[in-house]
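I have placed the structure first, in the form of C-alpha coordinates, so that the comments after it can refer back to it.
The values are calculated or read from the model by the stated rules, or taken from the named source; none is laboratory data. Please read these numbers as outputs of a predicted model, since none were measured by experiment. Cβ placement follows ideal geometry from the backbone for every residue including glycine, while neighbour counts extend to all protein chains displayed.
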Amino acid sequence: MLLPQDLRLTPEQFALVCDANPDAVLELAADGQLITMTPTGGETGARNYNLGLALGLAARQCSLPVQLFDSSTSFRLADGSVLSPDLALVKLDRWQALTPEQRRTFPPLCPDLVIELASASDSGPRGAEALRRKMALYQTNGAQLGWLLFPVQRAVEIWPARPKAGEPTAPRRLENATRLEGGDVLPGLVLELEEIWAG
(Lines give C-alpha, C1' and ligand atoms only; values in the text may rest on other atoms or scores of the structure.)
Protein backbone atom coordinates (compact mmCIF):
# COMPACT_ATOMS: atom_id res chain seq x y z
CA MET A 1 0.00 0.00 0.00
CA LEU A 2 1.57 3.28 -1.15
CA LEU A 3 0.35 6.37 0.67
CA PRO A 4 1.32 10.04 0.46
CA GLN A 5 3.35 11.09 3.50
CA ASP A 6 1.12 14.11 4.08
CA LEU A 7 -2.10 12.07 4.03
CA ARG A 8 -4.26 12.67 7.11
CA LEU A 9 -7.46 10.77 7.90
CA THR A 10 -10.28 11.12 10.36
CA PRO A 11 -11.13 8.02 12.43
CA GLU A 12 -14.18 7.51 10.18
CA GLN A 13 -12.05 7.63 7.02
CA PHE A 14 -9.57 5.30 8.67
CA ALA A 15 -12.36 2.77 9.25
CA LEU A 16 -13.19 2.91 5.52
CA VAL A 17 -9.51 2.34 4.60
CA CYS A 18 -9.40 -0.67 6.94
CA ASP A 19 -12.59 -2.09 5.42
CA ALA A 20 -11.13 -1.71 1.91
CA ASN A 21 -7.79 -3.29 2.96
CA PRO A 22 -8.69 -6.14 5.32
CA ASP A 23 -5.23 -7.73 5.08
CA ALA A 24 -3.38 -4.54 6.02
CA VAL A 25 -2.31 -4.02 9.63
CA LEU A 26 -2.84 -0.32 10.29
CA GLU A 27 -3.12 2.14 13.15
CA LEU A 28 -3.99 5.83 13.16
CA ALA A 29 -2.01 8.52 14.98
CA ALA A 30 -3.84 11.34 16.76
CA ASP A 31 -2.81 13.72 13.94
CA GLY A 32 -4.51 11.48 11.37
CA GLN A 33 -1.35 9.89 9.96
CA LEU A 34 -1.54 6.22 9.03
CA ILE A 35 0.85 3.90 10.83
CA THR A 36 1.61 0.72 8.89
CA MET A 37 2.48 -2.24 11.07
CA THR A 38 4.62 -5.11 9.89
CA PRO A 39 3.48 -8.68 10.55
CA THR A 40 5.18 -10.41 13.46
CA GLY A 41 7.72 -13.16 13.06
CA GLY A 42 6.94 -16.68 14.23
CA GLU A 43 8.63 -16.35 17.62
CA THR A 44 6.77 -13.14 18.52
CA GLY A 45 3.48 -14.55 17.21
CA ALA A 46 3.85 -17.69 19.33
CA ARG A 47 4.71 -15.62 22.42
CA ASN A 48 1.73 -13.35 21.84
CA TYR A 49 -0.57 -16.38 21.53
CA ASN A 50 0.78 -17.89 24.76
CA LEU A 51 0.47 -14.52 26.47
CA GLY A 52 -3.19 -14.29 25.47
CA LEU A 53 -3.90 -17.78 26.76
CA ALA A 54 -2.14 -17.07 30.05
CA LEU A 55 -3.96 -13.76 30.55
CA GLY A 56 -7.33 -15.35 29.83
CA LEU A 57 -6.70 -18.19 32.27
CA ALA A 58 -5.43 -15.79 34.93
CA ALA A 59 -8.53 -13.58 34.59
CA ARG A 60 -10.81 -16.62 34.79
CA GLN A 61 -9.03 -18.04 37.86
CA CYS A 62 -9.58 -14.86 39.86
CA SER A 63 -13.14 -14.40 38.48
CA LEU A 64 -12.47 -10.91 37.15
CA PRO A 65 -15.45 -9.41 35.31
CA VAL A 66 -13.50 -8.37 32.21
CA GLN A 67 -13.48 -8.66 28.43
CA LEU A 68 -10.17 -9.57 26.74
CA PHE A 69 -9.08 -8.52 23.25
CA ASP A 70 -6.32 -9.72 20.92
CA SER A 71 -4.04 -7.71 18.65
CA SER A 72 -6.57 -7.52 15.83
CA THR A 73 -8.76 -5.16 17.91
CA SER A 74 -8.33 -1.42 17.48
CA PHE A 75 -9.54 1.10 20.04
CA ARG A 76 -10.53 4.67 19.25
CA LEU A 77 -8.88 6.77 21.93
CA ALA A 78 -9.98 10.17 23.22
CA ASP A 79 -7.21 11.98 21.31
CA GLY A 80 -8.54 10.60 17.98
CA SER A 81 -5.88 7.94 17.52
CA VAL A 82 -6.89 4.36 16.72
CA LEU A 83 -4.43 1.87 18.23
CA SER A 84 -4.19 -1.90 18.56
CA PRO A 85 -2.37 -3.26 21.61
CA ASP A 86 -1.04 -6.80 21.44
CA LEU A 87 -3.47 -7.65 24.24
CA ALA A 88 -6.05 -5.55 26.03
CA LEU A 89 -8.43 -5.99 28.91
CA VAL A 90 -11.53 -3.87 29.57
CA LYS A 91 -13.62 -4.07 32.72
CA LEU A 92 -16.93 -5.68 31.86
CA ASP A 93 -19.13 -2.79 33.05
CA ARG A 94 -17.28 -0.38 30.70
CA TRP A 95 -17.61 -2.82 27.79
CA GLN A 96 -21.30 -3.41 28.42
CA ALA A 97 -21.94 0.35 28.61
CA LEU A 98 -21.09 0.64 24.90
CA THR A 99 -23.84 0.46 22.31
CA PRO A 100 -23.95 -2.55 19.96
CA GLU A 101 -22.70 -0.30 17.14
CA GLN A 102 -19.75 0.91 19.24
CA ARG A 103 -18.81 -2.69 19.99
CA ARG A 104 -18.92 -3.64 16.28
CA THR A 105 -16.58 -0.81 15.22
CA PHE A 106 -13.46 0.50 16.93
CA PRO A 107 -14.60 0.69 20.58
CA PRO A 108 -14.41 4.35 21.70
CA LEU A 109 -12.50 3.77 24.90
CA CYS A 110 -9.02 3.13 26.21
CA PRO A 111 -8.54 -0.34 27.71
CA ASP A 112 -7.97 -0.64 31.44
CA LEU A 113 -4.92 -2.86 30.82
CA VAL A 114 -2.78 -2.75 27.69
CA ILE A 115 0.03 -5.18 26.94
CA GLU A 116 2.67 -4.78 24.24
CA LEU A 117 5.30 -7.36 23.35
CA ALA A 118 8.58 -5.93 22.02
CA SER A 119 10.25 -7.72 19.14
CA ALA A 120 13.95 -8.53 19.02
CA SER A 121 14.45 -5.57 16.69
CA ASP A 122 14.85 -2.17 18.31
CA SER A 123 13.53 -0.31 15.27
CA GLY A 124 10.27 -0.02 13.36
CA PRO A 125 6.72 0.01 14.74
CA ARG A 126 7.33 -3.00 16.99
CA GLY A 127 10.66 -1.76 18.35
CA ALA A 128 11.21 -0.59 21.91
CA GLU A 129 11.11 3.17 21.35
CA ALA A 130 8.01 3.04 19.14
CA LEU A 131 6.26 0.88 21.73
CA ARG A 132 7.25 3.26 24.54
CA ARG A 133 5.65 6.13 22.62
CA LYS A 134 2.56 3.97 22.17
CA MET A 135 2.46 3.09 25.87
CA ALA A 136 2.67 6.81 26.72
CA LEU A 137 -0.34 7.41 24.46
CA TYR A 138 -2.34 4.72 26.24
CA GLN A 139 -1.37 6.27 29.58
CA THR A 140 -2.38 9.76 28.41
CA ASN A 141 -5.71 8.45 27.10
CA GLY A 142 -6.70 6.77 30.35
CA ALA A 143 -5.18 3.29 30.57
CA GLN A 144 -5.07 2.24 34.20
CA LEU A 145 -2.14 -0.13 33.73
CA GLY A 146 0.29 -1.04 30.98
CA TRP A 147 2.81 -3.85 30.64
CA LEU A 148 5.55 -3.61 28.02
CA LEU A 149 7.34 -6.96 27.79
CA PHE A 150 10.91 -7.47 26.55
CA PRO A 151 11.33 -11.25 26.11
CA VAL A 152 15.02 -11.19 25.18
CA GLN A 153 15.89 -9.37 28.43
CA ARG A 154 13.12 -11.09 30.43
CA ALA A 155 12.14 -7.61 31.57
CA VAL A 156 8.89 -5.67 31.88
CA GLU A 157 8.13 -1.97 32.03
CA ILE A 158 5.09 -1.27 34.17
CA TRP A 159 3.18 1.84 33.07
CA PRO A 160 0.86 3.15 35.81
CA ALA A 161 -2.22 5.30 35.31
CA ARG A 162 -1.61 8.97 34.67
CA PRO A 163 -2.46 11.16 37.67
CA LYS A 164 -5.57 13.30 37.17
CA ALA A 165 -3.40 16.41 37.38
CA GLY A 166 0.22 16.77 36.44
CA GLU A 167 2.75 15.02 34.28
CA PRO A 168 2.56 11.34 33.29
CA THR A 169 4.20 8.90 35.67
CA ALA A 170 7.36 7.24 34.38
CA PRO A 171 7.31 3.47 33.94
CA ARG A 172 9.03 1.16 36.40
CA ARG A 173 11.26 -1.56 34.95
CA LEU A 174 11.42 -5.07 36.40
CA GLU A 175 14.49 -7.11 35.47
CA ASN A 176 14.26 -10.92 35.36
CA ALA A 177 10.52 -10.64 35.94
CA THR A 178 8.77 -13.90 36.75
CA ARG A 179 5.23 -12.67 37.40
CA LEU A 180 3.00 -9.63 37.04
CA GLU A 181 0.11 -8.63 39.28
CA GLY A 182 -2.93 -6.50 38.56
CA GLY A 183 -2.71 -4.70 41.90
CA ASP A 184 -5.49 -2.24 42.72
CA VAL A 185 -6.52 -2.00 39.06
CA LEU A 186 -7.25 -5.72 38.60
CA PRO A 187 -7.25 -7.30 42.07
CA GLY A 188 -6.20 -10.94 42.14
CA LEU A 189 -4.85 -11.02 38.58
CA VAL A 190 -1.48 -12.80 38.47
CA LEU A 191 0.33 -13.48 35.21
CA GLU A 192 3.19 -15.99 35.32
CA LEU A 193 5.90 -15.19 32.78
CA GLU A 194 8.21 -18.21 32.60
CA GLU A 195 6.26 -19.85 29.77
CA ILE A 196 6.07 -16.54 27.91
CA TRP A 197 9.83 -16.03 28.14
CA ALA A 198 10.43 -19.59 26.97
CA GLY A 199 8.51 -18.86 23.77
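The set of residues from segment 161-199 being at pLDDT 90 or above and among the basic types (Lys, Arg) comprises ARG172, ARG173, ARG179. Filtering segment 5-52 to residues that are crowded, with 17+ Cβ neighbours inside 10 Å, within 16 Å of the chain's Cα centre (by Cα) and of a type in the set (Gly, Ala, Ser) leaves ALA29, GLY52. Among residues of segment 1-39 being of a type in the set (Ser, Thr, Tyr) and in a loop (DSSP other than H, G, I, E, B), the one that is farthest from SER84 (Cα to Cα) is THR10. Contact map, segment 27-54: first residue modelled with pLDDT under 80, second residue surrounded by 13 or more Cβ atoms within 10 Å (Cβ to Cβ) and assigned to a strand (DSSP E or B), Cβ cut-off under 9 Å, separation 6 or more or different chains; pairs are THR36/LEU26; THR36/GLU27; MET37/LEU26; MET37/GLU27; THR40/LEU117; THR44/LEU117. On the stretch given as segment 9-56, residues that are touching a strand residue (DSSP E or B) at 6+ places or on another chain (Cβ under 9 Å) and farther than 24 Å from ARG104 by Cα total 5. Tell me, please, whether a residue that is closer than 20 Å to ARG60 by Cα and either in a strand (DSSP E or B) or touching a helix residue (DSSP H, G or I) at 6+ places or on another chain (Cβ under 8 Å) (or both) can be found in segment 164-172. Looking through segment 164-172, none of the residues is closer than 20 Å to ARG60 by Cα and either in a strand (DSSP E or B) or touching a helix residue (DSSP H, G or I) at 6+ places or on another chain (Cβ under 8 Å) (or both).
Every test in (1) within 21 Å of PHE14 (Cβ to Cβ); (2) crowded, with 22+ Cβ neighbours inside 10 Å is passed by PHE106 save one, and that test is (2). Filter segment 140-159 for residues that are over 15 Å from ALA118 (Cα atoms) and either crowded, with 18+ Cβ neighbours inside 10 Å or more than 18 Å from the chain's Cα centre (by Cα) (or both) and give the result. Scanning segment 140-159 gives ASN141, ALA143, GLN144, LEU145.
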